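Only one structure is covered here, and it is reproduced in the block below.
The values are calculated or read from the model by the stated rules, or taken from the named source; none is laboratory data. What you are looking at is a predicted structure, and each value in this text was computed from that prediction instead of being measured. Please note: Cβ atoms are built from the backbone with ideal geometry, for glycine as well, and neighbour counts cover all protein chains shown.
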Amino acid sequence: MSTYVRDTLTVWNRELIRLYRSKSRMLTSLMQPILWLVLFGTVFNQLFTGGASGPSPGGSGLSPFGAVDAKSFLVPGIVAMTVLFGSIFSGIGVIFDREFGFLKEMLVAPVSRTSIVAGKALGGSTSAIIGGVLILGLSTLIGARFTPSLPDAVAVLLAFVTVLLLSFGFVMLGIAAASKITSMEGFQMVMNFLVMPMFFISSAFYPLALMPNWLQSLTYINPMFYGVDALRNCINGSSAASLPVWQDLSVLFGFTIVMTALAVHLFRQSE
Amino acid sequence: MAATGASGVGTPATSTSAGGTDGPVVVANGLVRKFDGFTAVDGVSFEVRRREVFGFLGPNGAGKTTTISMLCTLLKLTGGEAKVFGFDVATQPDAVRHNIGLVFQDESLDEELTGYENMSFHGRIYKVEPKVMGERIEELMRMVELWDRKDDQVKTYSGGMKRRLEIARGLLHHPHVLFLDEPTLGLDPQTRRLIWDYIRELNKAQDVTIFLTTHYMEEADALCDRVAIIDHGKIVALDTPANLKSSLGGDVVLLKIPECKEGCMEALAGVPGVRSVKAQEEGLMLAVDKGDRTIPLIFDVARERGMTIESVVLKIPSLEDVFLRYTGRSIRDTKVEGLDQFKQRHTMRHGMGRRHG
């Protein structure tokens, strides 16, 4: 058992070194979510609250976001998006390793495949989680307000658990795909095809209630939705969310388990 | 296919850990590997003795890499059996992997990591004792003269340096056998010689048996104690390079003597070491045992008889000639076919062969 853990740590350690050496690339990748947050947040605020600095409960009643201002409403979605992109595309590391031969070095070694998958997944999650947390911190700087209905400490803890589960689930999905797809272009294409719809029907931009019924039912099979909704519980409070946080987290947990099993299975097959 | 042991292979001095063997380090018995009906390796049998440098020489697609992959437990055997250091490759793959070092034909380093980081990653996944690891890494990296570059990222290394690092890495966990698949492929001649020196030194200093594949005649000749010539998945000859060459019937001396008077051919045939004399258009062709030693004797006889020798050419058979003799064609114009074509396409697709001198 301890060799499993040790091998996993060894593989993770290598990912961390690589991550550290490419930190500028990672920071650059955060530009996109920051733009989303700043531009959409500002524009949505103008659109729905007539330029007021906060929500206008007694105002026009036009705001679709309930008691939450638009900028703050976007935060859970953008954080989840950062985690989603960072996680799922980290699967490309498997393709890189295959291409540059390092995968062989690991596969020949007396190391279990599960440790290799776990170590790589931890590496991918590390960078995605750092990204998510940075975006969360930045959002307060540009005027987003957190209004959790839970005690602050619990909200923070649950938000972290959400990011962890979301990240691990999508990293595993990325690794599973990379075990099957051998070309980088193919991988990027398939992932974009998956990621964009997942993002748009996740209730990141608009509350579930605004969507037509058929889209709502699609949303319920989208793991991303549960991540956004759990974060919404933690950041905007339960009145802004669609489901109770424990339901969101249970689904995410199940999703992560299934993806892990799938990734380990496909990676083992892929030699 | 006489297996004469003129290579001075010592008897095993140290007894080895459980499962080890005092006999041959690698035993292959009737190895067969098929890919979708194409037979890449077709009943190959051989033994590698302790501490020798054993080479597989053959053209691309002859089955060299396939054989190495089977011995290293990377490919399943279609038929036959193989033992490495006493462990069966089919039933005890983990034990085999612990006892071998492997340097792939294609690069397998993490270029973002430093040389030292690549080494310590390897040491950790092969469970090298942390206490001795630092020392061992330093010893090996000094040996391949990369210690002063240990903290540089591998992407700044030249092709030859990467190869050296891979060879050092392959030895980190004290393997008993080091497998080298085309160790100098794509390297310039100077770097190649340097790598040969390292391989020789490691073989002696690290007490490690070496199994290598190559399609370079000079490489097999310069490095190997014994060479197996492989073609179309079969071993066609196996012996020391010297024996293989002398099996062709010795050296050839070509003499141009304008006035070869009567009795001159007979006189030449009588020189010690000369096996036969034939008159050809360009001159006389003499089959001799050792050209370098026989030529002075021929000159002595010629002078005694007052014959003038206009020119002399000595031809020493190379492994190239041996290959030609056993396969009926030259290794250089061997056509790429079958599996190899597949492999080459595969190689291109995966951007391998990126090694630059």
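For the stretch B:95-122: of the residues being over 13 Å from B:His173 (Cβ atoms) and charged (D, E, K, R), which is surrounded by the fewest Cβ atoms within 10 Å (Cβ to Cβ)?
Ranking the candidates gives B:Glu111 first.
All but one of (1) part of a helix (DSSP H, G or I); (2) out of contact with any Phe, Trp or Tyr (no Cβ under 7 Å at 6 or more places or on another chain); (3) at pLDDT below 90 hold for A:Gly59; state the number of the condition that does not hold.
(1)
Can you confirm whether B:Val208 is under 26 Å from the mean Cα position of the chain (by Cα) and closer than 18 Å to B:Ser318 by Cα?
no
I'd like to know if the stretch A:168-186 contains one or more residues that are assigned to a helix (DSSP H, G or I), within 25 Å of A:Ile221 (Cα to Cα) and within 14 Å of another protein chain (Cβ to nearest Cβ).
yes
Looking at A:Leu231, A:Leu210 in this structure, which one is at pLDDT below 90 and of a type in the set (A, V, I, L, M, F, W, C)?
A:Leu210 is the lone residue from the list that is at pLDDT below 90 and of a type in the set (A, V, I, L, M, F, W, C).
Only residues that are surrounded by 13 or more Cβ atoms within 10 Å (Cβ to Cβ) and either part of a helix (DSSP H, G or I) or out of contact with any helix residue (DSSP H, G or I) (no Cβ under 7 Å at 6 or more places or on another chain) (or both): list them for the stretch A:198-210, please.
Matches in the stretch A:198-210: A:Met198, A:Phe199, A:Phe200, A:Tyr206, A:Pro207, A:Leu208.
Only one residue in A:Asn213, A:Asn233 is more than 15 Å from the chain's Cα centre (by Cα) and buried (at least 18 other Cβ atoms within 10 Å of the Cβ), so which one is that?
Numbers: A:Asn213 fails: buried (at least 18 other Cβ atoms within 10 Å of the Cβ).
Going through A:Asn213, A:Asn233 in turn, the sole match is A:Asn233.
Just to verify a result, which residue in the stretch B:86-122, among those that are without any contact (Cβ under 8 Å) to a residue 24 or more places away in the chain and over 30 Å from B:Asn29 (Cβ atoms), is farthest from the other protein chains (Cβ to nearest Cβ)?
So, considering only residues that are without any contact (Cβ under 8 Å) to a residue 24 or more places away in the chain and over 30 Å from B:Asn29 (Cβ atoms), the one farthest from the other protein chains (Cβ to nearest Cβ) is B:Ser120.
Is it the case, given these coordinates, that A:Gly254 is within 20 Å of the chain's Cα centre (by Cα), of a type outside the set (A, V, I, L, M, F, W, C), more than 21 Å from A:Thr82 (Cβ to Cβ) and modelled with pLDDT under 95?
Numbers: within 20 Å of the chain's Cα centre (by Cα): yes; of a type outside the set (A, V, I, L, M, F, W, C): yes; more than 21 Å from A:Thr82 (Cβ to Cβ): yes; modelled with pLDDT under 95: no.
Considered against the rule, which asks whether it is within 20 Å of the chain's Cα centre (by Cα), of a type outside the set (A, V, I, L, M, F, W, C), more than 21 Å from A:Thr82 (Cβ to Cβ) and modelled with pLDDT under 95, A:Gly254 comes out as no.
Is it true that B:Lys155 is among the basic types (Lys, Arg), touching a residue at least 12 places away in the same chain (Cβ under 8 Å) and in a helix (DSSP H, G or I)?
Judged against the criteria, B:Lys155 is a match.
With the requirement that a residue be of a type in the set (S, T, N, Q) and under 24 Å from B:Arg33 (Cβ atoms), what does the stretch B:213-269 give you?
Going residue by residue through the stretch B:213-269, those that are of a type in the set (S, T, N, Q) are B:213-214, B:240, B:243, B:246-247.
Matches in the stretch B:213-269: B:Thr213, B:Thr214.
Being more than 21 Å from A:Arg6 (Cβ to Cβ) and more than 8 Å from chain B (Cβ to nearest Cβ) is the filter here, so list the residues in the stretch A:96-118 that pass it.
Within the stretch A:96-118, A:Phe96 is the sole residue that qualifies.
So that you can scan it fast, the table gives a plain yes or no per residue for (1) farther than 26 Å from B:Asp239 by Cβ; (2) of a type in the set (A, V, I, L, M, F, W, C); (3) surrounded by 12 or more Cβ atoms within 10 Å (Cβ to Cβ); (4) modelled with pLDDT of 85 or more:
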residue	(1), (2), (3), (4)
B:Asp251	no, no, yes, no
B:Cys264	yes, yes, yes, no
B:Gly283	yes, no, yes, no
B:Ile298	yes, yes, yes, yes
B:Val301	yes, yes, yes, yes
B:Val312	yes, yes, yes, yes
B:Phe323	no, yes, yes, no
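Answer with yes or no whether A:Ser139 is more than 30 Å from B:Val89 (Cβ to Cβ), of a type in the set (S, T, N, Q) and either modelled with pLDDT of 95 or more or touching a Phe, Trp or Tyr at 6+ places or on another chain (Cβ under 7 Å) (or both). Lay out the reasoning, then the answer.
Details: more than 30 Å from B:Val89 (Cβ to Cβ): yes; of a type in the set (S, T, N, Q): yes; either modelled with pLDDT of 95 or more or touching a Phe, Trp or Tyr at 6+ places or on another chain (Cβ under 7 Å) (or both): no.
No: the conditions fail for A:Ser139.
Determine, yes or no, whether A:Thr42 is in a helix (DSSP H, G or I) and modelled with pLDDT of 90 or more.
No, not satisfied.
If you scan the stretch A:246-266, which residues turn out to be among the polar types (S, T, N, Q) and farther than 14 Å from A:Ser167 by Cβ?
A:Gln247, A:Ser250
Go through the stretch A:175-197 and count every residue that is within 15 Å of A:Leu103 (Cβ to Cβ) and surrounded by 13 or more Cβ atoms within 10 Å (Cβ to Cβ).
Start the filter on the stretch A:175-197 by keeping residues that are within 15 Å of A:Leu103 (Cβ to Cβ), which leaves A:175, A:178-184, A:187.
Narrowing the set further to residues that are surrounded by 13 or more Cβ atoms within 10 Å (Cβ to Cβ) leaves A:175, A:178-182, A:184, A:187.
Within the stretch A:175-197, residues that are within 15 Å of A:Leu103 (Cβ to Cβ) and surrounded by 13 or more Cβ atoms within 10 Å (Cβ to Cβ) number 8.
Hey, could you check the stretch A:119-136 for residues that are closer than 15 Å to A:Ile175 by Cβ, out of contact with any Phe, Trp or Tyr (no Cβ under 6 Å at 6 or more places or on another chain) and among the aliphatic types (A, V, I, L, M) and say which is nearest to the other protein chains (Cβ to nearest Cβ)?
Result: A:Ala121.
May I ask you to verify whether B:Arg142 is under 25 Å from the mean Cα position of the chain (by Cα), in a helix (DSSP H, G or I) and free of Cβ contacts under 8 Å to residues at least 24 places away in the same chain? Reasoning before the result, please.
Details: under 25 Å from the mean Cα position of the chain (by Cα): yes; in a helix (DSSP H, G or I): yes; free of Cβ contacts under 8 Å to residues at least 24 places away in the same chain: yes.
Yes; evaluated as a whole, the condition is true for this residue.
Given the residues B:Ile137, B:Ile125, which is the only one that is away from chain A (no Cβ under 13 Å) and buried (at least 20 other Cβ atoms within 10 Å of the Cβ)?
Working: B:Ile125 fails: away from chain A (no Cβ under 13 Å).
None of the others qualify; the one that does is B:Ile137.
For B:Thr294, indicate whether it is part of a strand (DSSP E or B) and either touching a Gly at 6+ places or on another chain (Cβ under 9 Å) or surrounded by 15 or more Cβ atoms within 10 Å (Cβ to Cβ) (or both).
no
Could you say whether any residue in the stretch B:186-198 is within 14 Å of another protein chain (Cβ to nearest Cβ), closer than 23 Å to A:Phe96 by Cβ and buried (at least 22 other Cβ atoms within 10 Å of the Cβ)?
No, the conditions are met nowhere in the stretch B:186-198.
What are the pairs with Cβ atoms under 6 angstrom where one residue, in the stretch A:222-242, is among the charged types (D, E, K, R) and the other, located anywhere, is in a helix (DSSP H, G or I)? Sequence gap at least six, or different chains.
Within 6 Å, the pairs are A:Asp229/A:Asp248; A:Arg232/A:Pro76.
May I ask you to verify whether B:Val208 is more than 29 Å from B:Thr184 (Cα to Cα), surrounded by 17 or more Cβ atoms within 10 Å (Cβ to Cβ) and at pLDDT 85 or above?
So B:Val208 fails the test.
Is it true that some residue in the stretch A:136-148 is aromatic (Phe, Trp, Tyr) and closer than 15 Å to A:Arg232 by Cα? Break it down stepwise before answering.
Of the residues in the stretch A:136-148, the ones aromatic (Phe, Trp, Tyr) are A:146.
Still in the running and closer than 15 Å to A:Arg232 by Cα: A:146.
The answer is yes; a qualifying residue exists.
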